[in-house]
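Participant: Structure incoming, see below.
Read-outs: derived from the displayed coordinates by stated rules, not from any lab. Just so we're clear, the structure is a prediction, and the values are computed from it rather than from any experiment. A quick note on method: Cβ atoms are made from the backbone with ideal geometry, for glycine too, and the neighbour counts reach across all protein chains shown.
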């Protein structure tokens with residue numbers, strides 16, 4: 001089963017043991033992270049996805065498409081431009097569905 005969240009597709013099996021992703025993924029952010037996000041949106045940053053590793057805090061990843069750059073919002077609301085996580089290349093949902101149908 002494929003679940004579409006935002007612009008990208010994810011197999012349900014990748015989320016075993018996790019609560020469902022809310023329709024508004026900003027609900028996964030704490031108050032400090034939301035304040036930072038609201039402050040930097042005017043500079044082209046948007047919430048790209050939230051990584052939810054088991055037994056750890058959620059990790060919000062932001063993207064600035066104009067600058068072709070990603071950053072992580074730390075739990076205290078600070079910006080981490082050099083996070084210690086690997087961000088794999090995502091396949092847009094439309095492409096994923098074409099491949100599945102083909």
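Participant: As a footprinting exposure proxy, order 28, 54 by other Cβ within 10 Å, with the fewest listed first.
Facilitator: Numbers: 28 19, 54 7.
Placing the least packed residue first, the sequence is 54, 28.
Participant: While we're here: Provide 52, 65 in ascending order of the number of other Cβ atoms located within 10 Å of each residue's Cβ, fewest first. Show your work: numbers first, answer last.
Facilitator: Values: 52 14, 65 11.
Fewest to most other Cβ atoms nearby, the residues stand as 65, 52.
Participant: In addition: Using 0.36 nm per residue of separation minus the Cα-Cα distance, give me the extension gain between residue 68 and residue 38 in nm, one decimal.
Facilitator: Numbers: separation 30, 0.36 × 30 = 10.80 nm, distance 1.95 nm.
Extra length from residue 68 to residue 38 when fully extended: 8.8 nm.
Participant: Residue 24 to residue 85: FRET efficiency via 1/(1 + (r/R0)^6), r the Cβ-Cβ distance, R0 22 Å, to the nearest 0.05? Let's see the in-between values first.
Facilitator: Details: r = 23 Å, r/R0 = 1.04.
Calculated value: 0.45.
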